[in-house]
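A.B. asks: Please read through the structure below; I'll follow up with questions.
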Amino acid sequence: MRDAVSSLIAGYDLAGKYLDRNAVDSLRAYFAEGNARVRAAEIINANAADLVRQASAQLFEEVPELLRPGGNAYTTRRYSACLRDLDYYLRYATYALVAGNNEVLDERVLQGLRETYNSLGVPSGPTVRGITILRDRVRELVEQAGIAPASFVDVPFDHLSRNLAEQDI
């Protein structure tokens, strides 16, 4: 797993170049948001269980068929797996948020997940909606804490959603 700094340096090292104006500007932007990223992670950590509980409640209210017989959250085992997965997405999104880099999401979450969901017959639409709800709730908490702009919070959640979204072929 890399952070924004090590990824940037690795690219320049591979090219055998010194850091140029664009690299320095990227570093400045990353470090300028550093405290906000750490504060956002603290907020997420302090509220993780509530965030997952609220997101799942909203998801099941919006898509009640998930809880009905034949639904992907029907039975205690499947319901628990849904909550576990939402917690998993929140935790890894927090890692990516602090790192300022989505590589951890690609390596630890997304690689093979879509294929796994397809093989198990799990539609990705409700998962994407759950991740979107998590994003919105996290952003709301971060903004309430006076961290502005909080748009950086969206980046890892949007990356997860975009890569899990069902696409028409």
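The values are calculated or read from the model by the stated rules, or taken from the named source; none is laboratory data. Quick caveat, the model's predicted, so the values are computed rather than measured. Because the Cβ atoms are built from the backbone with ideal geometry, glycine has one as well, and the counts that use them run over all protein chains shown. With ligands, DNA and RNA removed, areas are computed over all heavy atoms of the protein, side chains included. Shrake-Rupley method; radii C 1.70, N 1.55, O 1.52, S 1.80 Å.
A.B. asks: Listed residues Tyr79, Tyr95; which is aromatic (Phe, Trp, Tyr), touching a residue at least 60 places away in the same chain (Cβ under 8 Å) and out of contact with any Phe, Trp or Tyr (no Cβ under 7 Å at 6 or more places or on another chain)?
C.D. replies: On the way: Tyr79 fails: touching a residue at least 60 places away in the same chain (Cβ under 8 Å).
Residue meeting the stated conditions: Tyr95.
A.B. asks: For Glu103, are the conditions met, namely being under 20 Å from Thr132 (Cβ atoms), open to solvent by 30 Å² or more (accessible area, probe 1.4 Å) and among the charged types (D, E, K, R)? Don't jump to the end; show me each part of the working.
C.D. replies: Values: under 20 Å from Thr132 (Cβ atoms): no; open to solvent by 30 Å² or more (accessible area, probe 1.4 Å): yes; among the charged types (D, E, K, R): yes.
So Glu103 fails the test.
A.B. asks: Here's a follow-up. So is Leu27 without any contact (Cβ under 8 Å) to a residue 24 or more places away in the chain, open to solvent by less than 50 Å² (accessible area, probe 1.4 Å), under 26 Å from Leu97 (Cα atoms) and in a helix (DSSP H, G or I) or not? Spell out how you get there, then give the answer.
C.D. replies: Numbers: without any contact (Cβ under 8 Å) to a residue 24 or more places away in the chain: yes; open to solvent by less than 50 Å² (accessible area, probe 1.4 Å): yes; under 26 Å from Leu97 (Cα atoms): yes; in a helix (DSSP H, G or I): yes.
Here the answer is yes, as Leu27 does meet what is asked.
A.B. asks: Out of curiosity, is Arg39 farther than 30 Å from Ser7 by Cα, of a type in the set (Lys, Arg), out of contact with any Gly (no Cβ under 8 Å at 6 or more places or on another chain) and not in a loop (DSSP other than H, G, I, E, B)? Don't jump to the end; show me each part of the working.
C.D. replies: Values: farther than 30 Å from Ser7 by Cα: no; of a type in the set (Lys, Arg): yes; out of contact with any Gly (no Cβ under 8 Å at 6 or more places or on another chain): yes; not in a loop (DSSP other than H, G, I, E, B): yes.
No.
A.B. asks: Confirm whether Tyr79 is on the phi < 0 side of the Ramachandran plot and open to solvent by 70 Å² or more (accessible area, probe 1.4 Å). Don't jump to the end; show me each part of the working.
C.D. replies: Numbers: on the phi < 0 side of the Ramachandran plot: yes; open to solvent by 70 Å² or more (accessible area, probe 1.4 Å): yes.
Judged against the criteria, Tyr79 is a match.
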